[in-house]
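A short worksheet on the structure shown next.
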Amino acid sequence: MKLILNSLLDTEAFAQKMADRLRGQTITVTLDGDLGAGKTAWTRFFGKALGVKRTINSPTFTIMKSYTTADGTPLYHMDAYRLEGAHQDLGFEECFEEGICVVEWADYIAEQIPADHISISLKETGETSREVELNAHGPQSRKLLEGWE
Ligand SMILES: Nc1ncnc2c1ncn2[C@@H]1O[C@H](COP(=O)(O)OP(=O)(O)OP(=O)(O)O)[C@@H](O)[C@H]1O
Ligand SMILES: [Mg+2]
């Protein structure tokens, strides 16, 4: 599915809509797109909508950060940017199995991403405008995005 976001507010509304559908699930969301496309901005809005109290910052140097959402489901925020070509196994499996995982630069660790996941690809089309490609891969993801308009 293709979505057009014209402002940061649109990005917030999109993240809220995703949060409403994914709340309480064990699911992985991949975020791809160039530097500054808005992957971390989206994750911040997504976490806020899930009731994360702490400030969500870019995990580029820590690779992974975990947060607790309002209903107790963990939210894992990973950034694979520094893992390009590394093919290291950092033991993410447990994260993927027990909460909501958001992975920036997921393309870099594509082989570790669960087969059933939701992908978001962000493209900067202007200062505050973004083009989004949103896709479901697998039955659980398709169900979660069912009826999206
Ligand atoms: N509609 C929008 N959606 C998302 N971000 C936007 C939008 N309009 C402007 N921005 C700005 O674009 C920047 C996006 O930066 P962000 O850190 O989220 O990018 P990123 O994709 O995570 O980059 P990196 O690959 O370096 O991690 C922020 O400063 C944000 O305020
Ligand atoms: Mg980022």
Matching entry among M78, M64 (being modelled with pLDDT under 95, within 12 Å of ligand 2 (Cβ to nearest atom) and either within 16 Å of K17 (Cα to Cα) or hydrophobic (A, V, I, L, M, F, W, C) (or both)): M78
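Take region 81-115 and flag every residue that is among the hydroxyl-bearing types (S, T, Y) and open to solvent by 80 Å² or more (accessible area, probe 1.4 Å).
Taking region 81-115 as the starting set, the residues that turn out to be among the hydroxyl-bearing types (S, T, Y) are 81, 108.
Answer for region 81-115, where residues must be among the hydroxyl-bearing types (S, T, Y) and open to solvent by 80 Å² or more (accessible area, probe 1.4 Å): just Y81.
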Six or more apart or on different chains, Cβ under 9 Å: which pairs go from a residue in region 18-40 that's under 8 Å from I100 (Cα atoms) and away from ligand 1 (no atom under 13 Å from the Cβ) to one that's in a strand (DSSP E or B) and open to solvent by 20 Å² or more (accessible area, probe 1.4 Å)? Could you list them? I27/H117; T28/Y76; T28/H117; V29/H117; V29/S119
When you scan region 116-148, how many residues do you find that are in a loop (DSSP other than H, G, I, E, B) and either modelled with pLDDT under 95 or open to solvent by 30 Å² or more (accessible area, probe 1.4 Å) (or both)? 7
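The values are calculated or read from the model by the stated rules, or taken from the named source; none is laboratory data. Everything numeric in this text was worked out from a predicted model, so none of it was measured. We place every Cβ from the backbone using ideal geometry, glycine too, and count neighbours over all the protein chains shown. Heavy atoms of the whole protein, side chains included, go into the accessibility calculation; ligands, DNA and RNA do not. Shrake-Rupley method; radii C 1.70, N 1.55, O 1.52, S 1.80 Å.
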